[in-house]
Amino acid sequence: MSSTPANKPSAVRADDTKTSSLLSVPEYLSLDKWADTGFEWSGPVAPLSFERLLPALSDEHEQSNLEISVNLYRRNNVLHLAFTVTGAIWLTCQRCLQPINVDLSDDHDIALFEDESQVRLVNEEQDFLLLSEVVSDQTPENLLLLKNIIEDEMLLKTPLAPKHDDCEMSVEQVGDIPEEEEEENPFAALLSLKGKLSN
């Protein structure tokens, strides 16, 4: 179930049949195999392969592949997952309903702690996750939910209500707009009464 980096020919590719028609990040990364030796993977990835991101994507514009590179390494006895996302996705502007380009490019480095006592081994600004939260419990093998972690970070960069900086609200008009009737000023009657009383 683990995936193979291009420069590690001894590894076994997982789920090639699933992802051959749609370029995707490996679903899982076997920590039993790669936690001590390190792991690298990179390649073009179709935004449509991310199930939770999919509903937000515009279907009126062709989506270009994202370039994603992954590096699992150990430093100061702490496991780290570093990955880079390069590229943009097309969403739908919530104001004009036209496609809007949103850049997801970013570098991420997340410490993977066995327990919270490892916090002291990294600097205060370091992002971290507990392994118990990001390892699949469906199998006895320690499989890191690699694709989920990457998708989580992409979703955090995706605006909930994307809008162009300069566009107009899309409004569909049905029928004629009724003319506003001039309302009589309620104080006009008082004014005319005041004139009569003062005479």
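The values are calculated or read from the model by the stated rules, or taken from the named source; none is laboratory data. Owing to the predicted nature of the structure, the values given are computational and were not obtained by experimental measurement. All Cβ positions, glycine included, derive from the backbone under ideal geometry; neighbour counts span all protein chains shown.
Please enumerate the residues belonging to the range 110-129 that are farther than 17 Å from Leu31 by Cβ and surrounded by 10 or more Cβ atoms within 10 Å (Cβ to Cβ).
Those that are farther than 17 Å from Leu31 by Cβ and surrounded by 10 or more Cβ atoms within 10 Å (Cβ to Cβ): Val119, Leu121, Val122, Gln126, Asp127.
Looking at (1) more than 23 Å from Glu51 (Cα to Cα); (2) surrounded by 13 or more Cβ atoms within 10 Å (Cβ to Cβ), which is the only condition Asp152 fails?
(1)
Might you check whether a residue that is in contact (Cβ under 8 Å) with a residue 24 or more places away in the chain and within 19 Å of Ala161 (Cα to Cα) occurs anywhere in the range 26-39?
no
Out of the residues in the range 15-31 that are part of a helix (DSSP H, G or I) and at pLDDT below 95, state the one that is surrounded by the most Cβ atoms within 10 Å (Cβ to Cβ).
Thr19
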